[in-house]
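The values are calculated or read from the model by the stated rules, or taken from the named source; none is laboratory data. As the structure is a computational prediction, the values presented were derived from the model and not from experiment. Here the Cβ positions follow ideal geometry from the backbone for every residue, glycine too, while neighbour counts run over all protein chains shown. We work out accessible area using only protein heavy atoms, side chains counted, and drop any ligands, DNA or RNA first. Shrake-Rupley method; radii C 1.70, N 1.55, O 1.52, S 1.80 Å.
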Amino acid sequence: MSDTATTQDLDRELERYRRELTGYCYRMLGSSFEAEDAVQDTMVRAWRNIEKFEGRSSLRSWLYRIATNVCLDMLNAGNRRARPMDLSGPTPVAQAQLSARPEATWLEPVPDGRVLPSVADPAETALERESIRLAFIAALQHLPPKQRAVLILREVLAWKAAEVAELLDTSVASVNSALQRARATLAESPPSESDAANPLDEEQQKLLERYVAAFEGYDMAALTAVLHDDATLSMPPYDLWLQGHENIVGWMEGVGSVCRGSRLVPTVANGMPAFAHYHPAEDGNGHTPWALMVMEIRDGKIAGINSFLDTARWFPLFDLPERLEPEPLEPERWEQEPSAKESG
C-alpha cells in the first residue's frame, strides 16, 4: 500500500474483502453478530497498522491473519456454540417442556448475502454454501480454535499449506498435522446430510410449496406427508428439540397450536431455504414476527426445521418486515358469494 494512497482508496480496498472475511469469521465463531464484530475489529486494526503492512504478502492474506487472531482471541473466552441437538437427546412430545438457555449458547443463522460471494465459480460457490450449513458450522464447533482455522482455510477456502503456515506463524508439518486431526474429529461426529438447495430444483420447490400449504392451512395430515420419519424440530433459545413426525405433529396440535393461522414468507439462510414465520397479530391486524425457520431437505422430504425465535435479532438482520398487513379477499370469493338478496 503506497504512502500516497488516499483514505478513500484504502476504505475501498479494505471493503472489497468484508463479505468473504465475514464468511470466514462466521465459520470460526458460529455467530452472525460476533462475525460482524470480528470483521469490524479486523478493519480497525488494519487501518491503525497500515504503515506496518510491508507488502511481503497480499493485502488479503494480511487481513486474514488479523481476522484469525481476532477470532482466536474471541474463542479463547470459552463457550462453543451449539444447536439443541448437540446438547441433549430428543424429548418425546408428552414430556416436552420449554427451558431457555443463555443467548451465547446457540449457533446463529446468517443471511447468505452477508457471507457468500455475489459472483464466483459455481463449484466454489457450492462448496462455500455447503460450508455455512448449520450442521457443518455445528460440527466445526467441536474443533479446537486453531484446528478450526486450518480446516476452513485449507478445505473451504483452498489455501495452500504453506500459506496457512505463514498466516499462523507455524510450519507446514504442523498445519498438515492439525488438518489431519480436524478431519479425524469430524469423521467421528460428521454433520448431518442435507440436499443442495440453491437454486431449488422443481421437486424441492414443490415440496416447500406443500409445506407452506400444510403449515398455513394447519393440515397435520399434509404436514406429516412432507416430513421425514426422523425429521427434527428445534426452537432456540429453548433447549427442547423433537424428533420424528409424530412428535412434531403432536407438538403442533398441543403447545404449538398457537401457530394456527400463521403466514410464511420465503427467504434464505445458511445456504438453505428458510421462512419468516409470522403469527396472527394480537390486535387482529395482520401478522407479526414469530420465528425464522431454516429448513433442511433430504431425499425429497423435510429433514429439519430450525426455528429461531428471537425475531428482534433475526428479522432486522434478514431485512424482513416488522408486520404483514391483512391479505385482501380475492375477487373470485366475492363473485362466488351470493348477495343477501339472492340468498334470501
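Observations
- D41 surrounded by 12 or more Cβ atoms within 10 Å (Cβ to Cβ), within 14 Å of Y64 (Cβ to Cβ) and at pLDDT 85 or above: yes
- With respect to the conditions (1) open to solvent by 10 Å² or more (accessible area, probe 1.4 Å); (2) in contact with a helix residue (DSSP H, G or I) (Cβ under 6 Å, 6 or more places away or on another chain), I302 falls short on a single one, namely (1).
- V172 being of a type in the set (A, V, I, L, M) and within 19 Å of the chain's Cα centre (by Cα): no
- Scanning the stretch 24-47 for residues that are part of a helix (DSSP H, G or I) and hydroxyl-bearing (S, T, Y) turns up Y24, Y26, S32, T42.
- Some residue of the stretch 62-72 being within 15 Å of the chain's Cα centre (by Cα), surrounded by 13 or more Cβ atoms within 10 Å (Cβ to Cβ), assigned to a helix (DSSP H, G or I) and in contact (Cβ under 8 Å) with a residue 12 or more places away in the chain: no
- Test: residue in the stretch 196-207 that is under 18 Å from the mean Cα position of the chain (by Cα) and without any contact (Cβ under 8 Å) to a residue 24 or more places away in the chain: yes
- Tally of residues being farther than 19 Å from L116 by Cβ and out of contact with any helix residue (DSSP H, G or I) (no Cβ under 6 Å at 6 or more places or on another chain) across the stretch 47-70: 15
- Residue that is farthest from K146 (Cα to Cα), among those in the stretch 73-116 that are open to solvent by 70 Å² or more (accessible area, probe 1.4 Å) and at pLDDT 90 or above: R114
- Strands (runs of 3 or more DSSP E) completely within the stretch 240-315 that count 1 or more residues being closer than 24 Å to K206 by Cβ and within 22 Å of the chain's Cα centre (by Cα): 263-269, 272-280, 287-298, 301-308
- Selection within the stretch 217-239: residues that are of a type in the set (S, T, N, Q) and either out of contact with any Lys or Arg (no Cβ under 7 Å at 6 or more places or on another chain) or free of Cβ contacts under 8 Å to residues at least 12 places away in the same chain (or both). The member of this set that is farthest from Q205 (Cα to Cα) is T232.
- In the stretch 259-276, the residues that are farther than 10 Å from W290 by Cβ form Cβ pairs under 8 Å with partners that are among the basic types (K, R), at six or more places apart or across chains, as follows: N270/R133; G271/R129; G271/R133; M272/R133.
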